[in-house]
Amino acid sequence: MAAAAGTERARIVIAGGGLAGLSLALALKRALGDGLDVVMCDPALTRDPHGDRRSFAIAAAARRMFEALGLWDKVADKAQPILDMVITDSSLQDPVRPTYLTFEGTVEGEPFAHMVTSGDLMALLLDACRDSGVDLRPDGVKGFSVQGAHADVVLAAGGTISAALLVAADGARSRLREQAGIGWITWPYRQSGIVATISHERDHEGRAVEHFLPAGPFAILPLKDEVLADGTVRHRSSIVWTERSENVPALLESHPEDLLSELEKRFGLQLGGITFETRPQAYPLAFGVARSFVGERLALLGDAAHLIHPIAGQGLNLGLHDVAALAEIVTDAMRLGMDPGGADVLRQYERARRADITAMGIVTDGLNRLFSNDMLPVRLIRDLGLGLVDRMPGLKRFFISEAAGMRRSDVPRLLKGEAL
Ligand SMILES: Cc1cc2nc3c(=O)[nH]c(=O)nc-3n(C[C@H](O)[C@H](O)[C@H](O)COP(=O)(O)OP(=O)(O)OC[C@H]3O[C@@H](n4cnc5c(N)ncnc54)[C@H](O)[C@@H]3O)c2cc1C
């Protein structure tokens, strides 16, 4: 690879150190070790990893990948398995919320998902990347240009790195995707997801609850108990409270007691008294999918390639599926002496991800349209559907294996728990 004088070289540069970018860097270094130099650029690398108050349901397939990467033992100490799941459908004013659908939380003898806070996962991934020799640079990527067999990656603070492959893991508003001229099909949901950690008096017993309310789903997701310095145990859950975006600023600026009473109306009192453990944060929700997941010497990863509604808790899992696919394709190519940023390798990645991403985008968009709707006929039909599914154990097993990420075709090796 010929690079201009004064230009650094690296085989792979990853722009964006969110959970997807960091997972890819770790997977590549675990597979190829010193045989591959990976530079990770993100101005936010020096941020407090616990600044993001979200918590994620890590599906069983993604858990297997973290196991294969040698990270799961550490994550497991902080993760809460989801042991069962209850789905209700009602208006906010309804005095009772009938349960329409219940799921047992296991698939092939293991929990279909574990809840972990974004902060805990991010901190562990950063440490693991550092220990395995990823070159972590707290600097943004300003742009890139392709020069034959390499991409010249220009850093915001000055300097250029010449790389065989540039991975854009720079989030839904990806600057690199735009610079490559890759189209983005998008529409807003006019909903925001309010997230916070809630403390409650009683044990959640590993139960996840999703209330379908007219403004959108309200999810209560169990987190691992916290043991305080004085030995007392704090029971905690994470919420994803979907609201119409126009109502969110007033809600978040309301008096803390008023906000808590709005929360109680949705959360219910089945877990006893509740309090906010973290200040609520709101995320505007939208749909987006890139017209192509690759460009010349460029691969899109995670939210830079696709943005979906959190109704099924699958956005990050989809990004981790990208990670497993790209890490496998690049590793296999490099072991055969092929160019990791070559057109054949990139085409293989595009083919591997297109169907899964399209299907998940359609399903989550459809579910949100069906359930964020208060028209009586629609409610009656969907409640009938939920009730029918509840009486069909085979179908329920199918849905839970889908959510666990274990039914997709061509599952990459890492998602089966196999090392690369
Ligand atoms: C309310 C809510 C709840 C959710 N719950 C779940 C769930 O339960 N399960 C699940 O699977 N998913 C869930 N998701 C989806 C999940 O949060 C995202 O899919 C995931 O965080 C995306 O990670 P990422 O690494 O692709 O992108 P991001 O987290 O957006 O990271 C992008 C990174 O790129 C960096 N960056 C940006 N520009 C540049 C540049 N020019 N150069 C270098 N770096 C740059 C940024 O600093 C950032 O660190 C949820 C989403 C929301 C909104």
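Right, THR46: of a type in the set (Ser, Thr, Tyr) and within 16 Å of the ligand (Cβ to nearest atom) or not? Yes, satisfied.
If you go through the stretch 36-82 and keep only what is among the basic types (Lys, Arg), touching a residue at least 24 places away in the same chain (Cβ under 8 Å) and in a loop (DSSP other than H, G, I, E, B), you end up with ARG53, ARG54, LYS78. So if I check each of GLY295, GLY313, GLY302, which one is within 11 Å of the ligand (Cβ to nearest atom), touching a residue at least 60 places away in the same chain (Cβ under 8 Å) and in contact with a Gly (Cβ under 8 Å, 6 or more places away or on another chain)? The match here is GLY302.
For the stretch 121-141, the count of residues that are more than 14 Å from the ligand (Cβ to nearest atom), farther than 26 Å from ARG30 by Cβ and either assigned to a helix (DSSP H, G or I) or of a type in the set (Gly, Ala, Ser) (or both) is zero. Residue pairs whose Cβ atoms lie under 8 Å apart, separated by 6 or more positions or on different chains, with the first residue in the stretch 1-19 and modelled with pLDDT under 95 and the second among the basic types (Lys, Arg), are MET1/ARG9; ALA3/ARG9.
Against the definition (of a type in the set (Lys, Arg), outside any strand (DSSP E or B) and over 27 Å from ASP383 (Cα atoms)), how does ARG97 come out, yes or no? Judged against the criteria, ARG97 is not a match.
So which residues in the stretch 291-306 are part of a strand (DSSP E or B) and buried (at least 23 other Cβ atoms within 10 Å of the Cβ)? Selection gives VAL294, LEU298, ALA299, LEU300, HIS306. For the stretch 144-166, the candidate set comprises residues that are in a strand (DSSP E or B) and surrounded by fewer than 17 Cβ atoms within 10 Å (Cβ to Cβ); within that set, the residue that is modelled with the lowest pLDDT is GLN147.
On the stretch given as the stretch 222-250, residues that are under 17 Å from THR275 (Cβ atoms) and touching a strand residue (DSSP E or B) at 6+ places or on another chain (Cβ under 7 Å) total 13. In the stretch 156-173, the residues that are without any contact (Cβ under 8 Å) to a residue 24 or more places away in the chain reach residues that are more than 7 Å from the ligand (Cβ to nearest atom) with C-beta atoms within less than 7 angstrom, at least six apart or across chains, in these pairs: ALA157/ASP139.
The values are calculated or read from the model by the stated rules, or taken from the named source; none is laboratory data. Please read all numbers here as calculations on a predicted model, not as lab measurements. Methodologically, a virtual Cβ is constructed for each residue, glycine included, from the backbone with ideal geometry; neighbour enumeration extends over all protein chains shown.
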